Every structure is written in C-alpha cells, then in structure tokens.
C-alpha cells in the first residue's frame, strides 16, 4: 500500500491501481509548496477560470456584439456562453457521480477517499477540475471565431489548468478530465452552431429564366 507524507504523518493511500497511486504521489509532491506566496498568488489569479467570472466574460462579449452589431463578437459570445454552460453541466454531473477528496485534504488532514455518489461537499469535489473544464471550453470557443487569439486563449486556459495541481486543488487526472470535458462541450456546441448556420443561411440566387447559364469549364467538371 502506498504511503504519503502529510501534516498528520505518514498516511496510507488505498488506491485501486498503479495509475491512481502515481496520480496521488505526483499531486502530493507538486502541492508540497501550496502555501508558498507565489503559488497562492497564482492560484488566486486562476480564479478567473471559475464559473462566475467566465460567465460574466462570455455574457459581456455577447452583449458587446449585440449592441454594436458586431457579428463576430456576437458569435464568439454565444459560443463561449454555450460551451461554458454545457461544460459546467457535465463537470457537475461527474462530481456527483465520483466524489474524490482534494489533495489539500490529503496533505492537511491525512485523508484520501474516493466514493461513487459520495458527499456533495467542496472538499470532495476534486474530480474533475471545473476551472479547467470551463477555461478550456471558453478558450476553444474564442479560437473558433478569432484564430489570431488562439495562442493567448489556449495559453491562458493551460495556465489556469496547470496551477490547480501545485495549489493543492486537484490531482493531475482531475485536470486532464476537466480539459477533456471542456473540449467535448465546445465540440458539441460547435456542431450545433454549424447546423444552425447551415439551416438558416440564405440559398444562393438561381439564374432567372431567359438568362444563359455559363458553360462549365473542363476544370469545373473534373472537381
């Protein structure tokens, strides 16, 4: 059985697999300096990836686009909002299905537990990372509409995701699962957006009677 050094001494971890043991060990090692001033500061900054700030940002972009008649901003805001809401619903459902105590609970209280349909309480909401899910979903939505902003958006989402481990909020597997949730949610919204664009787009004008249709070239016929 694996043991981890915690504030309560040596704590035994009843993991179900070698992968889980490695996940817990890595999180415990990286979160050893969770009370460091720099880590705490970066952790506070990462709160922009929580649901309320992301919801406010997405709504603001949508409102800006609507009020100024900016179609790209309107589309970006709608995609951001839809992706965030769906990602939040998925991650909330998963948190109810799998209750896992956070790394800071392990390090401070010497307690590590995983229970299906366990307590619906913050310290048990380690899996998956909601900050990561929302940040990845919103960043991907922004990148769809503004390709030139992808580097900044993806970099910001990655930074928010990665700091969750050293701050003791999540295990690496929680962050990976959160990223997957964000990608899946945004991909689903993208499919919906593409479908709506297809069914609402105006059909191309057809030549009126009496107008000669241009002959197709050989290149056109070979396409």
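Sort 195, 171 so the one with the fewest other Cβ atoms within 10 Å of its own Cβ comes first.
195, 171
Would you list 117, 127 from fewest to most Cβ contacts within 10 Å?
In order of increasing Cβ crowding within 10 Å: 117, 127.
Over region 2-199, what is the percentage of antiparallel beta bridges among all DSSP beta bridges, to the nearest 5?
90 percent
What's the angle, to the nearest 10 degrees (0 to 90), between helix 150-163's Cα axis and the longest principal axis of the chain?
Result, in degrees: 20.
Once both axes come from the Cα atoms, what is the angle between helix 71-97 and the longest principal axis of the chain, in degrees from 0 to 90, rounded to 10?
The angle comes out near 40 degrees.
Calculate the length of the line joining the C-alpha centroid of region 142-171 to that of region 76-110, in whole Å.
Using only Cα atoms, the two centres lie 15 Å from each other.
Please arrange 189, 4 by counting, for each residue, the other beta carbons lying within 10 Å of its beta carbon, fewest first.
4, 189
Every read-out reported here was derived from the displayed coordinates using simple, explicitly stated rules and does not represent laboratory data. Only a predicted model underlies this, so the values are computations on that prediction, with no experimental measurement involved. As a convention, Cβ positions derive from the backbone with ideal geometry for all residues, glycine included, and neighbour counts pool all protein chains shown.
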